[in-house]
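The values are calculated or read from the model by the stated rules, or taken from the named source; none is laboratory data. Every value quoted in this text rests on a predicted model; they were computed, and no experiment measured them. Every residue, glycine as well, gets a Cβ built from its backbone with ideal geometry; the counts of neighbours run over all protein chains shown.
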Amino acid sequence: MQATWRADEAAHDYPAAANYLALIADPDTVDKLVDDLKKAPIEHYRANDLLRAARLDLLPFDDMRVRADLVKIMTGVPLSPVLIIRGDLLNGYPLTIADGYHRVCASYQLFEGTYVPAKVVDLPVKEKVHGT
């Protein structure tokens, strides 16, 4: 069994990404990241590498959202590409899955080496604040 993927993301993916990013970034940064994601090309990365780079645990089969995505895969419903903010190894920032964590986990559950389509953008360059 193999997942099928949409050629582009669903309309609700960007607001979902913005909602999540608003918890970890200021409004100007969120707006810039979402605008950049809309323009970014689709790239492909292995599900296991996305989880490792994000430092996220694999969600189990019985997670409600993972199960819903697995049902979509089994019934041939295409999944949306995931929306990613690239990590920064030098400053210790992991990759951020702004939208699509459950889709990555569902893909991994099928086969850890599944290639997942993703739009990936870099964090805007800002001065790191130490000790606050």
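Only residues in segment 24-39 that are among the basic types (Lys, Arg) count as the first member; pair them with residues that are assigned to a helix (DSSP H, G or I) and surrounded by 12 or more Cβ atoms within 10 Å (Cβ to Cβ), Cβ under 7 angstrom, at least 6 apart or cross-chain, and list the lot.
Listed pairs, sorted by first residue: LYS38/TYR14.
Based on what the data block shows, is ASP63 farther than 16 Å from ASP122 by Cα and touching a residue at least 12 places away in the same chain (Cβ under 8 Å)?
On the way: farther than 16 Å from ASP122 by Cα: yes; touching a residue at least 12 places away in the same chain (Cβ under 8 Å): yes.
Yes.
Give me the residue from segment 15-44 that is closer than 27 Å to PHE111 by Cα and in contact with a helix residue (DSSP H, G or I) (Cβ under 8 Å, 6 or more places away or on another chain) and, out of that set, surrounded by the most Cβ atoms within 10 Å (Cβ to Cβ).
The residue in question is ALA17.
Anything in segment 2-17 that is without any contact (Cβ under 8 Å) to a residue 40 or more places away in the chain and part of a helix (DSSP H, G or I)? List them, or say none.
Keep residues of segment 2-17 that are without any contact (Cβ under 8 Å) to a residue 40 or more places away in the chain, which gives 7, 11-12, 15.
Once the filter is applied, which keeps residues that are without any contact (Cβ under 8 Å) to a residue 40 or more places away in the chain and part of a helix (DSSP H, G or I), segment 2-17 yields only PRO15.
Considering only residues that are free of Cβ contacts under 8 Å to residues at least 60 places away in the same chain and in contact with a strand residue (DSSP E or B) (Cβ under 6 Å, 6 or more places away or on another chain), which ones fall in segment 73-94?
Residues satisfying the conditions are VAL82, ILE84, ARG86, GLY87.
Could you run through segment 87-108 and say how many residues are modelled with pLDDT under 95 and not small (Gly, Ala, Ser)? Steps first, answer last, please.
Going residue by residue through segment 87-108, those that are modelled with pLDDT under 95 are 87-93.
Within this subset, residues satisfying the condition of being not small (Gly, Ala, Ser) are 88-91, 93.
Counting residues in segment 87-108 that are modelled with pLDDT under 95 and not small (Gly, Ala, Ser) gives 5.
Being among the aliphatic types (A, V, I, L, M), closer than 28 Å to VAL71 by Cβ and under 13 Å from the mean Cα position of the chain (by Cα) is the filter here; which residues of segment 1-57 pass it?
Within segment 1-57, ALA16, ALA17, ALA18, LEU21, LEU37, ILE42, ALA47, LEU50, LEU51, ALA53, ALA54, LEU56 qualify.
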